[in-house]
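K.L.:
Dropping a structure here in structure tokens format, bear with me for questions.
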Amino acid sequence: MNGHKPSLLILAAGASSRMKKSLEALQSGPKTQSSGTRPGLSSSVASSTHKGLIPLDAQGRTAIDLLIDQAYGAGITRVILIIQPPGTAFKQHFANNKINIEFAYQNIAEGREKPLGTADALAQCLTQFPELLDQEFIVCNADNLYSKAAFLDLIDSPFENALIGYDRQGLKFPLSKIRNFALLVADKYGCMTELIEKPDEKITERLLSQGQKLNVSMNLWKFKGSDLWTSLQHCPIHPERLEKELPTAVKLMITVGNTRLAVIPRNEHVPDLTQASDIGRVQLFLNQEPKD
């Protein structure tokens with residue numbers, strides 16, 4: 001990459017529906033120590049904002065703050081947050097950030113109540129920042145705490161298109177949760193051939209018998225904009241979730257577009273914020289994390 005670090009695009013335009021529903025249920029139910037919320041965190045406040053902006057520690061750092069810190073440590077200096085307009089809460093939160101935060105907007109299509117999905121979010125971002133079509137950039141979720149080392153793996157990869165493949169056991173999640181993560185199938189060169197969503201045990205056993213490692217996607221990607229662009233434009237709407245999803249566009253890119261995408265293996269835990277009970281788990285992880 002000739003020393004040029006890719007931009008980081010953070011997908012933060014989602015509705016945080018599962019988090020908000022679980023926080024509302026927690027707020028209306030009995031208060032217990034096992035509720036999963038951080039001491040001092042108001043469920044009513046948390047449920048009214050994006051989950052990526054929920055304070056997670058005594059310094060008030062959020063999931064997005066923490067992942068930006070890791071990206072900054074890896075040498076990334078440009079961050080674009082993809083949000084729903086007007087994005088006032090995001091703009092206020094990042095007004096004095098040490099990295100210059102830019103904003104792309106995922107506008108909601110006429111006739112819809114929610115955004116059209118992650119592939120649509122990325123397509124709208126590339127339309128608003130067309131220079132990215134000629135560049136490599138990293139894409140990730142706003143609610144996962146990715147490590148500096150993972151960002152460096154993508155930056156240092158000689159492939160223009162790549163994905164971190166996390167070892168299922170290293171993630172330390174319950175099997176019931178891990179089964180919801182997409183399994184990655186790679187060829188002998190380490191390039192992805194399949195992305196299998198919600199794999200059952202038969203599929204898992206078949207892959208193991210073929211010598212495949214059980215690596216899953218946590219949605220930490222690197223792309224060359226021009227390689228992905230056509231697939232984003234032609235990404236179909238999922239028949240059940242009714243959204244255009246980034247993994248579907250990637251499948252188009254590697255099949256129809258015949259583009260190679262490297263799977264970079266890592267074995268580490270990646271805390272995430274899906275529902276209210278995750279808040280306490282992430283706080284515990286942060287308290288146990290070694291300090292620099």
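Any read-out appearing in this document is the output of simple, stated calculations on the displayed coordinates, not a laboratory observation. Values in this document were obtained by computation on a predicted structure and should not be read as measured data. Neighbour counts run over all protein chains shown; Cβ positions are idealised from the backbone, glycine included.
K.L.:
State the extension gain, in nm to one decimal, for the chain segment bounded by GLN288 and LEU208, taking 0.36 nm per residue of separation less the distance between their alpha-carbons.
P.N.:
25.5 nm
K.L.:
Filter the cross-link list LYS51/LYS213; LYS5/LYS224; LYS177/LYS222; LYS51/LYS198; LYS188/LYS213 down to pairs whose alpha-carbon distance in this structure exceeds 20 Å.
P.N.:
Result: LYS51/LYS213; LYS177/LYS222; LYS51/LYS198 exceed 20 Å.
K.L.:
So, one more: Work out, step by step, the length gained on full extension between GLU240 and THR193: first 0.36 nm times the residue separation, then minus their alpha carbon distance; give nm to one decimal.
P.N.:
Result: 14.5 nm gained on full extension.
K.L.:
Return the sequence-ordered ³J(HN,Hα) values of the range 227-239 in whole Hz as given by the Karplus equation 6.51 cos²θ - 1.76 cosθ + 1.60 applied to θ = phi - 60°, using x for Gly and Pro.
P.N.:
These are the phi-based 3J(HN,Hα) values: 6, 8, 4, 4, 5, 5, 5, 9, 5, x, 7, 4, x Hz.
K.L.:
Next question. In the range 218-233, which residues have a backbone nitrogen under 14 Å from the label point lying 7 Å from ALA109's Cα in the Cα-to-Cβ direction?
P.N.:
232-233
K.L.:
Further question: Kindly write out, for the range 97-103 in residue order, the coupling ³J(HN,Hα) from the Karplus curve 6.51 cos²θ - 1.76 cosθ + 1.60 (θ = phi - 60°), rounded to whole Hz, with x marking Gly and Pro.
P.N.:
After applying 6.51 cos²θ - 1.76 cosθ + 1.60, I find 5, 5, 9, 5, 8, 9, 10 Hz.
K.L.:
Next question, about the same structure. Taking amide H positions as placed 1.01 Å from N in the peptide plane, with prolines and chain starts having none, which residues 5 or more places from SER7, or on another chain, fall under 5 Å of its amide H?
P.N.:
ILE138
K.L.:
Given Cα pairs under 8 Å that are at least 6 residues apart, what percent is the relative contact order of the chain?
P.N.:
RCO, the chain: 25 percent.
K.L.:
Something else about it: Counting helices only, and only those DSSP H runs with n ≥ 4, report the 222 nm mean residue ellipticity of the chain as the sum of -39,500 (n - 2.57) divided by its residues, in deg cm²/dmol to the nearest 500.
P.N.:
-9500 deg cm²/dmol
K.L.:
So for each of 164-173, 250-259 I average, over its residues, the number of other beta carbons within 10 Å; can you give me the resulting order with the highest mean first?
P.N.:
Ranked from most to least packed, the peptides come out as 164-173, 250-259.
K.L.:
³J(HN,Hα) across the range 266-278 via Karplus (A = 6.51, B = -1.76, C = 1.60, θ = phi - 60°), whole Hz, x for Gly/Pro?
P.N.:
9, 10, 6, 7, 10, x, 9, 10, 9, 9, 4, 5, 6
K.L.:
Okay, moving on. Under the 0.36 nm per residue contour assumption, what length would be gained going from the current alpha-carbon distance of ASP156 and GLN59 to full extension?
P.N.:
Length gained between ASP156 and GLN59: 31.8 nm.
K.L.:
Just to be sure I understand the model, the point goes 7 Å from the Cα along the line to the Cβ. What's the resulting ILE99 to LEU175 distance in nm?
P.N.:
Modelled inter-label distance: 3.7 nm.
K.L.:
A follow-up question, please. Could you order peptides 128-138, 113-123 by the average number of other Cβ atoms within 10 Å of their residues, highest first?
P.N.:
113-123, 128-138
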